[in-house]
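Beneath this line is the structure, given in structure tokens, with notes to follow.
The values are calculated or read from the model by the stated rules, or taken from the named source; none is laboratory data. Worth saying up front: this structure is predicted, and the values here are computed from it rather than measured. With ideal geometry, Cβ positions are generated from the backbone for all residues, glycine too; neighbour counts draw on all protein chains shown.
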Amino acid sequence: MAKSVRTTQRPPVDTIEYNTQRDRLIISEYGRAIQKMVQHCVEIPDRDLRTRVAASIVNAMAVLNPQLKETADYKQKLWDHLFVMSDFKLDVDAPYPVPEREAMRLQPKRIAYPSGDIRYKYYGKTTQEMIEKIGEMEEGQQREIITRNLANFMKMSYLTWNKDTVDDETIFNHLEDLSDGKLRMSESARLNHTAEILALSKEKVRESAGTNKNNKGGRMMMMKKKRKK
């Protein structure tokens, strides 16, 4: 069966989202796509579906921050970060108590990437689970917005693995394939620019390298002190 061909069109000027128009990233390590998913998750009227979508977002957060798994109670930390990004407005049946706003002083680390049998390795099982949850939502504007945010997350995941470039058409086709045709982007839809995503990825790598270097230096100092004793 021949696939439909999308025509490339530039979005109208008044629909382009400039950096100066965007909300401040609450926790930059997770990126804007995750933050928007959280914002729209808050607005899902059905509590059960809202809880399941929230759990999928937490799994996606783990994919983006693999080093956090090395810390104690990392799952609870992820849920804490989720509530922070929702400005403590998220009302779900979470496995952990909602943290106190005053007690949160966040400097999130990265978490380990889950392995397993997946169709596209650069997206992971988490993306497939999120696609299934979104596919259960009623069609409408809210579902379209969450789907677009998911597509941006998929593009970021793809570029994390490939470190090159990818056109929006490829991401849209993968989304349609993984959802068995349930989730489709409009022909006029546009995702975040590749350069913007790669710049954020490089910044994360530099931050991670600096943290690892500091940790290594600390361990070396401890070893030297023990030898002197």
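Exactly one residue among D80, D87 is at pLDDT 90 or above, among the acidic types (D, E), within 18 Å of R32 (Cα to Cα) and surrounded by fewer than 19 Cβ atoms within 10 Å (Cβ to Cβ), and that residue is D87.
Picking from residues in segment 23-34 that are of a type outside the set (A, V, I, L, M) and surrounded by 20 or more Cβ atoms within 10 Å (Cβ to Cβ), the one that is nearest to D93 (Cα to Cα) is Y30. So for segment 19-41 (the condition being in contact with an Asp or Glu (Cβ under 7 Å, 6 or more places away or on another chain) and modelled with pLDDT of 85 or more), does at least one residue qualify? No; the residues of segment 19-41 include none that is in contact with an Asp or Glu (Cβ under 7 Å, 6 or more places away or on another chain) and modelled with pLDDT of 85 or more.
For every residue, the table says whether it meets (1) surrounded by fewer than 20 Cβ atoms within 10 Å (Cβ to Cβ); (2) modelled with pLDDT of 90 or more.
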position: T51; (1), (2): yes, yes
position: I57; (1), (2): no, yes
position: L68; (1), (2): no, no
position: Y96; (1), (2): yes, yes
position: Y122; (1), (2): yes, no
position: T127; (1), (2): no, no
position: G135; (1), (2): yes, no
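The rows are residues; the columns are (1) modelled with pLDDT of 80 or more; (2) over 19 Å from R50 (Cβ atoms).
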{"site": "S115", "(1), (2)": "no, yes"}
{"site": "E132", "(1), (2)": "yes, no"}
{"site": "K155", "(1), (2)": "yes, yes"}
{"site": "S179", "(1), (2)": "yes, yes"}
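Comparison of R47, R101 shows that the only residue that is modelled with pLDDT of 90 or more, surrounded by fewer than 20 Cβ atoms within 10 Å (Cβ to Cβ) and out of contact with any helix residue (DSSP H, G or I) (no Cβ under 7 Å at 6 or more places or on another chain) is R47. Sub-7 Å Cβ pairs linking a first residue in segment 142-155 that is within 15 Å of S56 (Cβ to Cβ) to a second residue that is assigned to a helix (DSSP H, G or I) and of a type in the set (D, E, K, R), at least 6 apart or interchain, are N149/K36, ordered by first then second residue.
Of all residues in segment 158-179, which are aliphatic (A, V, I, L, M) and farther than 20 Å from K125 by Cα? V166 - this is the single residue of segment 158-179 that is aliphatic (A, V, I, L, M) and farther than 20 Å from K125 by Cα.
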